[in-house]
Amino acid sequence: MSQYKIIFTGPVGAGKTTAINAISDMPPVKTDAAASDMTKNRKASTTVAMDYGVMNLAGGEKIHLYGTPGQERFDFMWDILVNGGIGLILLLDNTRADPFQDMKFFLEAFSKFISDTSLAIGVTQMDLSNRPTIDDYHLRLQEFGIKPPVFAVDAREKNDVSLLVQALLYSLDPGLAE
């Protein structure tokens, strides 16, 4: 029985906890605390250590899902969580003031992990703000010399999150069959 580990990261409010909740086959473990800084303007609570869920695959295989805290002050957890991971899912909130700056920040913060593994990007809140477009994200990613899959996703929808996970797995091994 194989076990794998995927990391979800992104800024506060991008949908990491929600995505793990949508796709996990068990009730996720959450480490939320009341937001006490500018985060409270976006949401009442925030992840302070990690979120954790599990996807059960055919044949007894499991994918362990770990969500990082979005706040930079908890970045010490990022290095701990990526240990043993096979890939990164970056969620970006399209309603934030500068989602490209968020993307740049997280691509740089996780650059070593991304270069050693793989990356898929999900853009949330596109129903509330359709700019920038997915094509705009692809253009910006050229500056980093990478071509990860990028999708508009609703983090509440299991199918959307599943598509991200499948894209990440496919980018790791194009020969994977569903």
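The values are calculated or read from the model by the stated rules, or taken from the named source; none is laboratory data. Every value quoted in this text rests on a predicted model; they were computed, and no experiment measured them. Every residue, glycine among them, receives a Cβ derived from its backbone with ideal geometry; neighbour counts consider all protein chains shown. Side chains included, ligands, DNA and RNA excluded: accessible areas come from the protein's heavy atoms. Shrake-Rupley method; radii C 1.70, N 1.55, O 1.52, S 1.80 Å.
Quick one: Thr133 ticks every box in (1) open to solvent by 60 Å² or more (accessible area, probe 1.4 Å); (2) within 21 Å of Gly13 (Cα to Cα); (3) modelled with pLDDT of 95 or more except a single one, so which number is it?
Unmet condition: (1).
So which residues in segment 57-77 are assigned to a strand (DSSP E or B) and farther than 15 Å from Leu168 by Cβ, if there are any at all?
Lys62, the sole residue that qualifies.
Of the residues that make up segment 110-121, is at least one surrounded by 12 or more Cβ atoms within 10 Å (Cβ to Cβ), over 18 Å from Leu169 (Cα atoms), among the basic types (Lys, Arg) and at pLDDT 95 or above?
Scanning segment 110-121, I find no residue that is surrounded by 12 or more Cβ atoms within 10 Å (Cβ to Cβ), over 18 Å from Leu169 (Cα atoms), among the basic types (Lys, Arg) and at pLDDT 95 or above, so the answer is no.
Quick one: in segment 27-39, which of the residues that are of a type in the set (Val, Ile, Thr) and open to solvent by less than 60 Å² (accessible area, probe 1.4 Å) is modelled with the lowest pLDDT? Quick ask: steps written out before the conclusion?
Filtering segment 27-39 for residues of a type in the set (Val, Ile, Thr) gives 29, 31, 39.
From what's left, open to solvent by less than 60 Å² (accessible area, probe 1.4 Å): 31, 39.
Details: Thr31: 66, Thr39: 50.
The extreme case among them is Thr39.
Does segment 1-26 hold any residues that are open to solvent by less than 10 Å² (accessible area, probe 1.4 Å) and at positive phi, and which are they?
Gly10
Out of the residues in segment 62-109 that are among the polar types (S, T, N, Q) and open to solvent by less than 10 Å² (accessible area, probe 1.4 Å), state the one that is nearest to the chain's Cα centre (by Cα).
So the first thing to find is which residues in segment 62-109 are among the polar types (S, T, N, Q), and the list is 68, 71, 83, 94-95, 101.
Then keep just the ones that are open to solvent by less than 10 Å² (accessible area, probe 1.4 Å); that gives 68, 94.
Numbers: Thr68: 8, Asn94: 14 Å.
Once the filter is applied, the top-ranked residue is Thr68.
Which numbered condition in (1) open to solvent by less than 20 Å² (accessible area, probe 1.4 Å); (2) not in a helix (DSSP H, G or I) is the only one that Ile146 fails?
Here Ile146 meets the rest and fails (1).
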